[in-house]
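Novice: Structure provided below as structure tokens; questions to follow.
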Amino acid sequence: MKQYFFSKILVALFALALVLTLASCNKEETEKADNDTATTEDVVVPDESRAYMKLDESVEIFCTRQWAPEISSASAKIAKAIKDATGLELQIVYEADNKGSQIVVGYAEGSSVSCEAYKAITLDQYAVAVDGNNAVLAAYTLENLEKAVDEFIATSIVKQNDTWSIGSVAPSDKHQKEATSISAYKIVYSAEADDYIVNETVPLLQDMIFDRAKVRLEAVSDAEPATEHEIVIGNTNRSTKAVGSYFEGENAFKDYRSAVIIANSKVFLIGGESASMGVSVAKLANYIIDADYGPKLLDLDARNYISKKMITTNPSELADGADVRVMSYNVLNPAWGDASRGELNKVESRIDSFIDLALYYRPDVIGVQEAAYDWQRHFDKYLVKSGIYKQCCNSSDGKYIMTGFLYNSSTLDLVDSYIIDIDPKSDIRVVSVAVFETLASGERFVVINTHPAPQSQKPYAEHMKAIMEIESAEMEKYKDLPILLTGDFNTYENQAEYVTLKDTLKVENVKDKAEQILNNYVTNWFKKPVECKGTCCIDHIFVNENVDVKLYSAVIHDGIELGSDHIPIYADVSLGKGE
């Protein structure tokens, strides 16, 4: 009887505990729904179980970009650490091998393991993903890749019984990240803010947030009392301390750079002009997530994005006597990083270097090659919507064209543009034509952009013949105008095809006509800056007799060589008559 009575008491206590637990959960859910701050689990895919792969002499270290010194150095550092710990001397290779075991350093297009590893991290994270007989060191930035290598050396090389293994490392910042409801924020700008802040940046930010979160935030001047959650635009009373710590005392509001800094429940958007501020707005969109109870802004408490201050001699001003800056850049098609080559092709890992390039050099026209849809999507987000550039010749008959233009709409009007197929079956083998008019003088000029197949491919000769025929006809049509030809011509300067092209089109290479050359570097498949002597450059800009060339340069500074297997070239030109 006592046992029965005691059992009834236990059942009653259990029931009471269950009721109290449910009540507590309901209370927590209610408070969570009413509270602007909530944890989100969709930012990082949680994986508490650690995966392992066997480590023996058959494992290779796959350096995904041999010519990138940071990635080569990381690969060598891993090889040394493994040798020191285990005695195993692993071979460093530069091609993927899906048949064996590999430790992949950086992103490898075409590798499902690598793709999944990068999907599991955000822009500010790193991880070591182990799947079967492969491990991937995943990081979107070189800074975080270095952290991934250090963490790998410290924790991933483990011995289980008598067997050496490589263990996974969960994404950095393992704790659940917090996010704050967008509606909790207000936009703050200085009472003495420049017109571009009030008339351009504030509406751009309000529209971006409304598009993402269906909330239109109030914007107030800096004279208003500070609140806990603010998006602060430009140089206000709130900004000095937070921004100064990241810009190391430099005046962030006077140069071209842009920045997104999230600290102390405030977001600071920095930029000394409308264009760079627009990039900051576009970057902020990356940190608005769909979470429980509505869209939220991640509380990262870290610097998220600061575009680089280039260390080169300042080229932002045109050379003396020049009217226009024209650039040509093969940005590397992300689809071409297959298992046989393994480049770090993912656009997300390379778009920042392109933004820095555009903000700093500010070409009036950029002829891009291999700009696949993913590139165009990022161009649209960071450069077009920011009001810096517009795109043309990037689509035709419902398909995306990889050989088109970005042009500076604050300096140029687009008069006409169209695309002529070299190969009707290809979205990359085209001749793109654009006619521009300068807003300053009303002078018109033409830029023609193209990209034939590589010499190693059968269609090369046929493509070169078609290009000469098409461009010759187009140049005849516009013979009274200044004309520039941009492109990855896949043709070296000491080849017969190069001479034939120049003679047929009656053009000169800007290098041969320039009054000043800053850098004459090899433009493709480089490992370090090397002077181009005719056998290594396939990227060219040609001009007709109506163009004077004031300056030519190849850009291989500030990490831009990590953005592609080519480097950009540009020319500052005068739209004169060659006088």
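The values are calculated or read from the model by the stated rules, or taken from the named source; none is laboratory data. These numbers were taken from a predicted model, which means no experiment stands behind them. When we count neighbours, we look across all protein chains shown, and the Cβ atoms used for this are built from the backbone with ideal geometry, even at glycine. The protein model used for the area step is the full one, side chains on, heavy atoms only, and it has no ligands, DNA or RNA in it. Shrake-Rupley method; radii C 1.70, N 1.55, O 1.52, S 1.80 Å.
Novice: From the residues in the stretch 537-547 that are farther than 12 Å from Val507 by Cα and touching a Pro at 6+ places or on another chain (Cβ under 9 Å), which one is surrounded by the most Cβ atoms within 10 Å (Cβ to Cβ)?
Specialist: Asp539
Novice: If the requirement is being on the phi > 0 side of the Ramachandran plot and in contact (Cβ under 8 Å) with a residue 40 or more places away in the chain, which of these qualifies: Gly487, Gly442?
Specialist: On the way: Gly442 fails: in contact (Cβ under 8 Å) with a residue 40 or more places away in the chain.
Answer to the check: Gly487.
Novice: Against the conditions (1) in contact with a helix residue (DSSP H, G or I) (Cβ under 7 Å, 6 or more places away or on another chain); (2) at pLDDT below 80, where does Phe268 fall short? Just the number, please.
Specialist: All conditions pass for Phe268, except number (2).
Novice: Within the stretch 473-495, restricting attention to residues that are at pLDDT below 95 and of a type in the set (S, T, N, Q), which residue is surrounded by the fewest Cβ atoms within 10 Å (Cβ to Cβ)?
Specialist: Asn494
Novice: Let me ask something else. Kindly list the number of the only condition in (1) open to solvent by 50 Å² or more (accessible area, probe 1.4 Å); (2) over 13 Å from the mean Cα position of the chain (by Cα); (3) not aliphatic (A, V, I, L, M) that fails for Asp364.
Specialist: (1)
Novice: Hey, another quick one. Please find, within the stretch 205-240, the residue that is nearest to the chain's Cα centre (by Cα) out of those that are assigned to a helix (DSSP H, G or I) and polar (S, T, N, Q).
Specialist: Gln206
Novice: Identify, by number, the condition in (1) more than 24 Å from Gly294 (Cα to Cα); (2) touching a strand residue (DSSP E or B) at 6+ places or on another chain (Cβ under 7 Å); (3) outside any helix (DSSP H, G or I) that Glu192 doesn't meet.
Specialist: Going through (1) more than 24 Å from Gly294 (Cα to Cα); (2) touching a strand residue (DSSP E or B) at 6+ places or on another chain (Cβ under 7 Å); (3) outside any helix (DSSP H, G or I) one by one, Glu192 breaks only (2).
Novice: Being open to solvent by less than 70 Å² (accessible area, probe 1.4 Å) and either part of a loop (DSSP other than H, G, I, E, B) or in contact with a Gly (Cβ under 8 Å, 6 or more places away or on another chain) (or both) is the filter; apply it to the stretch 496-525 and report the residue that is farthest from Tyr570 (Cα to Cα).
Specialist: It comes out as Val507.
For (1) hydrophobic (A, V, I, L, M, F, W, C); (2) at positive phi; (3) within 25 Å of the chain's Cα centre (by Cα), each residue gets a yes or a no:
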position: Lys390; (1), (2), (3): no, no, yes
position: Cys393; (1), (2), (3): yes, yes, yes
position: Tyr407; (1), (2), (3): no, no, yes
position: Ser417; (1), (2), (3): no, no, no
position: Pro424; (1), (2), (3): no, no, no
position: Val433; (1), (2), (3): yes, no, no
position: Ala461; (1), (2), (3): yes, no, no
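Novice: Then there's this: With the structure loaded, tell me whether Thr486 is part of a loop (DSSP other than H, G, I, E, B) and either touching a Phe, Trp or Tyr at 6+ places or on another chain (Cβ under 7 Å) or among the hydroxyl-bearing types (Ser, Thr, Tyr) (or both) or whether it fails that test.
Specialist: no
Novice: Please go through the stretch 496-513 and pick out each residue that is closer than 22 Å to Glu531 by Cβ and either modelled with pLDDT of 95 or more or among the basic types (Lys, Arg) (or both).
Specialist: At the first step, the residues of the stretch 496-513 found to be closer than 22 Å to Glu531 by Cβ are 498-499, 502, 508-513.
Those that are closer than 22 Å to Glu531 by Cβ and either modelled with pLDDT of 95 or more or among the basic types (Lys, Arg) (or both): Lys502, Glu508, Asn509, Val510, Lys511, Lys513.
Novice: A further question on this structure: Among the numbered conditions (1) open to solvent by 10 Å² or more (accessible area, probe 1.4 Å); (2) out of contact with any helix residue (DSSP H, G or I) (no Cβ under 7 Å at 6 or more places or on another chain); (3) modelled with pLDDT of 90 or more, tell me where Tyr373 comes up short.
Specialist: (3)
Novice: Taking the criterion of being within 27 Å of the chain's Cα centre (by Cα) and modelled with pLDDT of 95 or more, would at least one residue in the stretch 435-444 satisfy it?
Specialist: Within the stretch 435-444 (the criterion being within 27 Å of the chain's Cα centre (by Cα) and modelled with pLDDT of 95 or more), the answer is no, since none of the residues qualifies.
Novice: Name the single residue that is surrounded by the most Cβ atoms within 10 Å (Cβ to Cβ) among those in the stretch 80-122 being farther than 14 Å from Ala135 by Cβ, in contact with a strand residue (DSSP E or B) (Cβ under 6 Å, 6 or more places away or on another chain) and among the polar types (S, T, N, Q).
Specialist: Per the criteria, the residue is Thr86.
Novice: From the list Tyr478, Tyr521, Tyr492, exactly one residue is in contact (Cβ under 8 Å) with a residue 24 or more places away in the chain and closer than 20 Å to Ser432 by Cβ. Which is it?
Specialist: On the way: Tyr521 fails: closer than 20 Å to Ser432 by Cβ; Tyr492 fails: closer than 20 Å to Ser432 by Cβ.
The conditions single out Tyr478.
Novice: Test of understanding: among Val243, Val202, Val198, Val149, which residue is under 30 Å from the mean Cα position of the chain (by Cα), at pLDDT below 85 and assigned to a helix (DSSP H, G or I)?
Specialist: On the way: Val202 fails: at pLDDT below 85; Val198 fails: at pLDDT below 85; Val149 fails: at pLDDT below 85.
Result of the check over Val243, Val202, Val198, Val149: Val243.
Novice: Same structure, new question: For the stretch 397-405, indicate whether the set of residues that are open to solvent by 50 Å² or more (accessible area, probe 1.4 Å) and touching a residue at least 12 places away in the same chain (Cβ under 8 Å) is non-empty. Walk me through how you get there before you give the answer.
Specialist: Pass one, the stretch 397-405, residues open to solvent by 50 Å² or more (accessible area, probe 1.4 Å): 397-400.
Next, from what is left, pick out any that are touching a residue at least 12 places away in the same chain (Cβ under 8 Å): 399-400.
Yes, the stretch 397-405 has at least one match.
Novice: Given (1) modelled with pLDDT of 90 or more; (2) surrounded by fewer than 23 Cβ atoms within 10 Å (Cβ to Cβ); (3) under 25 Å from Arg362 (Cβ atoms), where does Leu217 come up short, assuming only one miss?
Specialist: (3)
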